[in-house]
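Following: one structure in structure tokens, then a few remarks.
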Amino acid sequence: MLPVNEAEAIILNEAQPMGVSDTEIVDLWEAVGRVVAVPVTSRLDFPHWDNSAMDGYAVRYADVSQCSAENPTILDIIEEIPAGYAPQMAIAPRQAARILTGSMMPSGADTVVMQENTRTEGSQVYILTAPSQLGAFVRRQGEYYQAGAPLLDRGTLLSAPEIAVLAAAQCVQVSVFSKVRVAIISTGSELVSPDRPLQPGQIVDSNQYALAALIEQAGGVPLMLGIVPDNPQAIREAIAEATQIADIILSSGGVSVGDYDYVDSVLADLGAKVHFHQVAIKPGKPLTFATFSQSMQPEGRSVLYFGLPGNPVSALVTAWRFVVPALKKRSGLAAGWQPKWAIARSRQPLKSDGRRETYLWGQLIPTPQESEFELATGSHSSGNLINLARTNALAVLPVGETQVKLGERVKVLYF
Ligand SMILES: Nc1nc2c(c(=O)[nH]1)N[C@H]1C(S)=C(S)[C@@H](COP(=O)(O)OP(=O)(O)OC[C@H]3O[C@@H](n4cnc5c(N)ncnc54)[C@H](O)[C@@H]3O)O[C@H]1N2
Ligand code: MOO
Ligand SMILES: [Mg+2]
């Protein structure tokens, strides 16, 4: 059985990122969740022009640098500049313009005095406090960003803040990597889809839906290929079809040592390179990982194949631990594709047989002091899907560690 970290290294080494041939142009309002493929720059400076940070008066620093309440400077107000209005007049010595927050600075002025430090009489303003410095309360053109500089790098995930930056830069279209297509196959003659009546001996193919949901949430496109009975020819056809339409293939079931576990022999038959058959992980031991070197995959990338165990918890735990990071790395993300780890104090004692790296499901609960881990109640059998609900984290007991006492710290994979 391969140690978990070695299995992870093999998988991530094969998960080559999308390349420049896998890009598409999307409209800004459809870009959330996508990954930037070509670095974005803007032809605009930010701010676009000098503007005022305060409601007050645009003045020449030289006129007001020595003033005080006892010795105010009196300036003629020659123009009012509300937001959105382009100033028409230049400020000459002994002149000022009324200016509002965000408004364009008039030429000739170089400083803003807050209105709290002034009083007006008719068309004159009395400056009662000298500004702290030349340029006070002026947001200078290009202070935040100069046109042409890198704005968003390749591999950036587009979430709300990045979409805001693109909108402000008038980038109404953006070049992103194509989404990773993930084929999902459920093997098992005992399986039926959720909308069918259950006959004796049958169970619902819940893995198909669990994995499709996980792939969607991770930014991939799930291709739900449905149920394939435990028949080598049927499994072979399903996998062969999947290699033509997907970047990653997930099957669940049929990878253990049973008489009807055909996946491994079919993979070998289809010319896949099987990297490993078993991992020292609990649940998830019979995880199979293979690659198909496909001519139709640009830049020589291979199609990744994960033969997940059939047990619903095993399928999800191995998908959280191995498939999601590989999918995110494949998606072109420059960062943030690695598994997310935390240290939390366990609210319950945790047990393991110590033979495999053991993943116990439950909830990571942030608290003002230190995060805590709440173990899911009920059976931790890998067939028990029910107490998997509300799981957002897995406590990890490494090989050789058989217990974590109540209140002790434990390493947690969270998602
Ligand atoms: N003698 C041994 N038996 C088993 C071993 C072993 O080492 N020696 N490994 C056990 C472990 S660990 C696991 S995990 C399972 C994995 O077996 P398979 O990957 O071959 O999965 P199946 O046998 O096809 O199914 C296992 C279990 O999960 C249910 N299942 C299957 N597909 C789905 C699905 N799409 N949705 C929901 N549930 C599914 C299936 O009905 C079985 O109950 O092998 C152990 N055995
Ligand atoms: O690996 Mo299995 O998932 O322990 O039951
Ligand atoms: Mg089996």
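Read-outs throughout are calculated quantities, based only on the coordinates presented, and are distinct from any laboratory measurement. Everything numeric in this text was worked out from a predicted model, so none of it was measured. A quick note on method: Cβ atoms are made from the backbone with ideal geometry, for glycine too, and the neighbour counts reach across all protein chains shown.
Summary table below
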| quantity | calculated |
| --- | --- |
| Ranked 73, 156, criterion: other C-beta atoms within 10 Å, fewest first | 73, 156 |
| In nm, spacing of pseudo-spin labels at residue 202 and residue 94 (7 Å Cα→C-beta vector) | 9.7 nm |
| Stretchable slack from residue 133 to residue 411, in nm (0.36 nm times residue separation minus alpha-carbon distance) | 94.9 nm |
| Restricting the range 115-196 to GluC sites (Glu not before Pro) in coil, as DSSP defines it, with at most 14 other Cβ within 10 Å | 143 |
| All-pairs alpha carbon distance profile, the chain, 10 Å steps from 0, percent | 5, 18, 20, 17, 12, 9, 10, 7, 3, 0 |
| Least to most buried among 263, 38, 324 (fewest other Cβ within 10 Å first) | 38, 324, 263 |
| Chain lengthening between residue 55 and residue 245 when straightened (0.36 nm per residue, less Cα-Cα) | 62.5 nm |
| Most to least packed among 299-309, 6-16 [average Cβ atoms within 10 Å] | 299-309, 6-16 |
| Value of Rg/Rh across the range 51-139 [Cα atoms, Kirkwood radius] | 0.92 |
| Whole-Hz couplings from phi, Karplus 6.51/-1.76/1.60, listed for the range 298-309; x for Gly and Pro | x, 6, x, 6, 9, 7, 8, 10, 10, x, 7, x |
| The range 51-139: antiparallel DSSP beta bridges as a percent of all, rounded to 5 | 80 percent |
| Inter-part distance where the range 282-312 and the range 59-125 are each reduced to a Cα centre, Å | 68 Å |
| Sequence-distant lysines (8 or more away, or on other chains) whose Cα lies within less than 23 Å of residue 351 | 282, 285, 340, 405, 411 |
| In order through the range 35-48: 3J(HN,Hα) via Karplus (6.51 cos²θ - 1.76 cosθ + 1.60), integer Hz, x for Gly, Pro | 10, 5, 9, 10, x, 9, 10, 10, 8, 9, 7, 10, x, 5 |
| Ascending count of other beta-carbon atoms within 10 Å, so fewest first, for 346, 189, 52, 252 | 189, 346, 52, 252 |
| Average silhouette area of the range 86-223, convex hull of alpha-carbon atoms, in square nanometres | 16.5 nm² |
| Gained length - residue 114 relative to residue 386, 0.36 nm times residue gap less alpha-carbon distance | 91.7 nm |
| Trypsin sites (Lys or Arg not before Pro) within the range 363-415: DSSP coil, no more than 16 neighbouring Cβ in 10 Å | 390, 405 |
| Cβ-defined net charge surrounding residue 4, 14 Å radius [Lys, Arg +1; Asp, Glu -1] | +2 |
